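Just below is one structure, and these are the notes that go with it.
What follows is calculated from the coordinates using simple rules that are stated; it is not laboratory data. Note that the structure is predicted; figures quoted are calculated from it, not measured. Because the Cβ atoms are built from the backbone with ideal geometry, glycine has one as well, and the counts that use them run over all protein chains shown.
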Amino acid sequence: MLKIRAGTGYDIHRLERGGDLVIGGIHVSNELHFVAHSDGDVLLHALMDALLGASGQADIGELFPDTDPRYRNISSSLLLKNVLERVHENGFEITNIDCTVVAQEPSLQPFKPAIRENLARLLKIPADAVGVKAKTREGLGAVGRVEAIECYCICMIRARTQP
Ligand code: MG
């Protein structure tokens, strides 16, 4: 019987003016930055929680606590590498992922192809198994006031086929 699992993840981080902004491992602005213990990459954080949830593991808050100095300013790409290893060790491989980033500013439309390619590279899956959507909040709420950026992610994983 084919063993298939789904997982969802969500994250939000506050924004401040100035500095550099990285989303999905791609530099997208030099006018805003996340206020966060790590690099605040909301897309990679939501993605990690989706993968961990699907494979029956603890969430990133438990695995990489923001009270632990080891994770201060750490690149989320490194954490994702660790999560991918955990997914594989638990006997799964990724079927596909799909993400929606909600940002009023900067416009992420021009960066979607680069983010998609980067996620495919990090996860070692084809680009057509990676969905990246960029939405605004239509000016509403904290995201609409450019005080935060959030991301929703879903993933599908399946039991690894025997070699
Ligand atoms: Mg986070």
Item to complete: Determine the percent antiparallel among the DSSP beta bridges restricted to the stretch 4-159, to the nearest 5.
Response: 80 percent
Worksheet, complete the sentence: Dividing the alpha-carbon radius of gyration of the chain by 2.2 N^0.38 Å, where N counts its residues, gives 1.02
Response to the item:
Phi-derived 3J(HN,Hα) across the stretch 143-151 with the Karplus relation (6.51, -1.76, 1.60, θ = phi - 60°), rounded Hz, x for Gly and Pro, is 5, x, 8, 6, 9, 7, 10, 10, 8
Practice prompt. Please give, to one decimal in nm, the separation of the simple spin-label points placed at D59 and K135, each 7 Å out from Cα toward the Cβ.
Written response: 2.0 nm
Worksheet entry | Charge tally in the Cβ shell below 11 Å around R137, where Lys, Arg are +1 and Asp, Glu are -1, R137 excluded | -2
Worksheet item: FRET efficiency for R14 and K112, Cβ-Cβ distance as r, R0 = 35 Å, nearest 0.05?
Response: 0.90
Response to the item:
Stretched fully, the stretch from H88 through K124 gains (0.36 nm per residue minus C-alpha distance, one decimal, in nm) 11.8 nm
Item to complete: Sort the following peptides by mean Cβ neighbour count (other Cβ atoms within 10 Å, averaged over residues), highest first: 95-105, 17-27.
Response: 95-105, 17-27
Practice prompt. May I ask for the angle, rounded to the nearest 10°, between helix 42-54 and the longest principal axis of the chain, with both axes built from Cα atoms and the value confined to 0 to 90°?
Written response: 20 degrees
Response to the item:
Answer in debye to the nearest 20: the dipole magnitude of the stretch 4-159 about its Cα centre, from +1 Lys/Arg and -1 Asp/Glu charges placed on Cβ, is 300 debye
Worksheet item: Expressed as a fraction of 2.2 N^0.38 Å, the rule-of-thumb size for a compact globular protein of N residues, what is the C-alpha radius of gyration of the stretch 85-131?
Response: 1.34
Worksheet, complete the sentence: With Cα coordinates, the longest principal axis of the chain makes an angle with the long axis of helix 112-123, in degrees rounded to 10, of 40 degrees
Worksheet entry | Out-of-range pairs (alpha-carbon distance over 24 Å; input K81/K112; K3/K112; K3/K124) | K3/K112
Discussion item. Suppose the chain between L78 and T100 were pulled fully straight at 0.36 nm per residue; how much longer would it get relative to their current alpha carbon spacing?
Written reply: 5.8 nm
